[in-house]
Each structure stands twice: as C-alpha cells, then as structure tokens.
Amino acid sequence: MPRRHVGFVESNRSGSGFDALRAARTLGLHVTFFHSGLDRFHATPGGTEVLRDCVDDFVACPTHELEPLLVAVKEVHARRPFDALLSVADYEVVPAAEAARQLGLPGPDPQAVRVARNKADQRRRCAEAGVPIPAFRAVTTAEEAVRAAAEIGLPCVVKAADETAGIHVMRCQTPADVAAGVQAVLADPTTARGQARHPEVLVEECLVGFEVSVEVLAEGTSVQVLGVTDKNLAGIDRFVEVGHTFPSALPGPVRDELARAAVAATRAVGFDLGMAHVELKWTADGPKLIEINPRPAGDQITELMDRSLGLSTMELVIRQYLGESVGPV
C-alpha cells in the first residue's frame, strides 16, 4: 500500500519547521518539499541532515506567490495525489492554505490565515470582537504616523503589518523616531520573502509588562490551550527574544486570563485548524494581545512543549491536516 503523501511549502528554520519534517517521517509519510531555494536550509545547523533524511521529493518554484505555487502543486498532485498540504513558515502559510483549499484538502480557512498574517487587519478584527489590544492606528504616511503617535502617546511602537521575526518593529521615543520608522517600512517595497508590501504601517501603544506566548490548537470551533510560554527579551528599542521557558512560571490565575485572551483572539480571526502562536503581554490592565501567528511557534518552543507534555505537537498538527480529529490533548 503506498504511503500517504504530504506536501510542505517551505519551512521555518528555528524549531517547528524541521520538527514537522521529522514528524512526517515518523508517521511514515511520503514528503514533497516545495521551496524557492535550498541554500538557506543547508546553511542552518542540522538543515542538510533533515532534508536528506526526511524529504522524498523536492520541487523548486516561487513558493511565496499563489499562482506559480498552484501550478507546481497541481502538477505533483496529478501524478501522486496529496493527502495533506501545509506550511509552518510565516510568509507561505497563506498561499499554502489557499492551495490546500483549491485541492479540496483539509486546512485552515485561507481568509482567516490571511487576516491573522496581516497585523492591521488582525488588529481591526480583534477590536471588533472585544479582544484586549493596545491602542493602535494603521497609517500610510510618516505624517499620519506622527499624528497617531501624538494621540497614542510616546514611547510607541512602529511595526510593518506583514513581517515576522521582529523585522521593521521598533520602539520609538520621539516623533522623529516615529517618522523614520515608518519611512523605513515604506521604503522597503517587499517583505523579507519578496512579497509585495502591505501599504499600511501600525503605530501602537507601547505595552509595559511581562511577555508570553500562548500555544493553542484549533479544530473547527474548538480552540484548546496547550500551554503558556514565558519569554525573555533583549535589545534597545527592539524586541529580540533571547530565551523561553515552558511551561510558564506565572501564577495560575494570570495564566488562565492570558489563555482566555488568546482563545478569544484566535476565534476573532477565524483560525480553525492547526497550531497558532499567540503573543501577549500581562500588563497593569491585564492581558493585551501583541499578535497572532497562524502557525506553530519557532525558536525551539515546540521542542520545549514536547519534552514537557510527553508528545509530539507536530505529529498532532500533521494528523489534523490528514483529516484526523486529535481531540483533547
């Protein structure tokens, strides 16, 4: 009997991506890896070994654009039908979700993933749903940004709506900082993966508090919390994650409030299948959402979870994409 077939559209290189490929191999799946170049994976410690040991077929194509990705995926699907198609890489989760939907495969609602990936749309959706969020404005010019900062108060945070890993995110102390931060985003016409830049830039309240992420697993309308991760941050006027602890050492009632806010945010954007990495701060006013990432956590957080919970989180996700219900974890 032929092995079930799963396609991966790219991979992150900081934990869950390689873990997902290993989990697919453990599950005995035939793995096709869609990529736009393998050099960055070979340059990552362990990357060459994971690709060699866990991938059966490689397909090169522009993975960050839906139409060429669809052409490549459909060509492979015609020869050997996919049982699942997914991505755990930030910039590719939207085209992967859309491609899976067009093939009739299980996957999250592409529009929900699109909203979650666009921080401006994500903010608006969460505001409508009453999720606790920082004060924000979505602007398109440096002049608008300076006015927004005056309304919100300094220091504030400027961030691109469509980046990840802290790219184009900075704490601004002065109006000049705000203008420079927004101009830097607007002067960069594409994302780090070459996708056309969203025209809006966020100017937000600078939250003061203890930062965490809440790792959730969605399945339809059910959203279960797998745990809360404490974050250690560094950087002057930047937000660089330098360490993580799972499970969180925060008091139980605080973790519960953070978890409730994360579930509310996940439901607000409509994310309905797989793992999401929801970042929040515990402030003097309670939990405040930083952002929702519609993919598993990076930075070895999934490894911390697996060791703590005694399971493979990536196996759970792949089984969901294969059409299985994983139930309560």
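Descriptive notes on the structure:
- Extreme residue, positive dipole direction of the chain, given options His30, His64, Ala192 (C-beta unit charges): His30
- Cα-based shape type of region 125-190, given that a ≥ b ≥ c are square roots of the gyration tensor eigenvalues and the cut on a/c is 1.5: oblate
- Ellipticity at 222 nm from helices only: DSSP H runs of n ≥ 4 in the chain, each -39500 (n - 2.57), divided by the residue count, give -11500 deg cm²/dmol.
- Cα centroid separation - region 116-195 against region 239-257, whole Å: 25
- Volume per residue for the chain equals 129 cubic angstrom (convex hull of Cα atoms).
- For q = 0.13, 0.16, 0.20, 0.26 Å⁻¹, Debye-computed log10 I/I(0) when each Cα of region 184-261 counts as one equal scatterer: -0.65, -0.88, -1.02, -1.13
- Portion, in percent, of the accessible area of region 1-117 that falls on carbon or sulfur, probe 1.4 Å: 53
- Farthest toward the positive end of the dipole of the chain, out of Ala43, Gln320, Val223, is the Cα of Gln320, where the dipole comes from beta carbon charges about the Cα centre.
- When only the Cβ of Lys, Arg, Asp and Glu is charged (+1, +1, -1, -1), the dipole of the chain relative to its Cα centre reaches about 380 debye.
- For the chain, relative contact order (Cα pairs under 8 Å, six or more residues apart, normalised by length) works out to 19 percent.
- The DSSP beta bridges internal to the chain are antiparallel in roughly 80% of cases.
- Only Lys, Arg (+1) and Asp, Glu (-1) charged, at Cβ; region 33-161 dipole about Cα centre in debye: 400
- Scattering curve values for region 139-248, log₁₀ I(q)/I(0), Debye with Cα scatterers, q = 0.11, 0.16, 0.18 Å⁻¹: -0.44, -0.83, -0.95
- Region 253-329: C-alpha gyration tensor shape, a/c 1.5 cut-off, then a/b vs b/c: prolate
- Projected-area mean, region 31-71, by convex hull of Cα positions, square nanometres: 2.9
- Note on the chain: lysine pairs with Cα distance below 19 Å, sequence gap of 8 or more or different chains, count 7.
- Residue with peak Gaussian network fluctuation, the chain [Cα springs, cutoff 10 Å], from Ala265, Ala284, Ala116: Ala284
The values are calculated or read from the model by the stated rules, or taken from the named source; none is laboratory data. Small disclaimer: the values here were computed from a predicted structure and weren't measured. Positions of Cβ are backbone-derived with ideal geometry, glycine not excepted, and every protein chain shown enters the neighbour counts. To get the accessible areas, we keep the full protein, side chains included, count just its heavy atoms, and leave off ligands, DNA and RNA. Shrake-Rupley method; radii C 1.70, N 1.55, O 1.52, S 1.80 Å.
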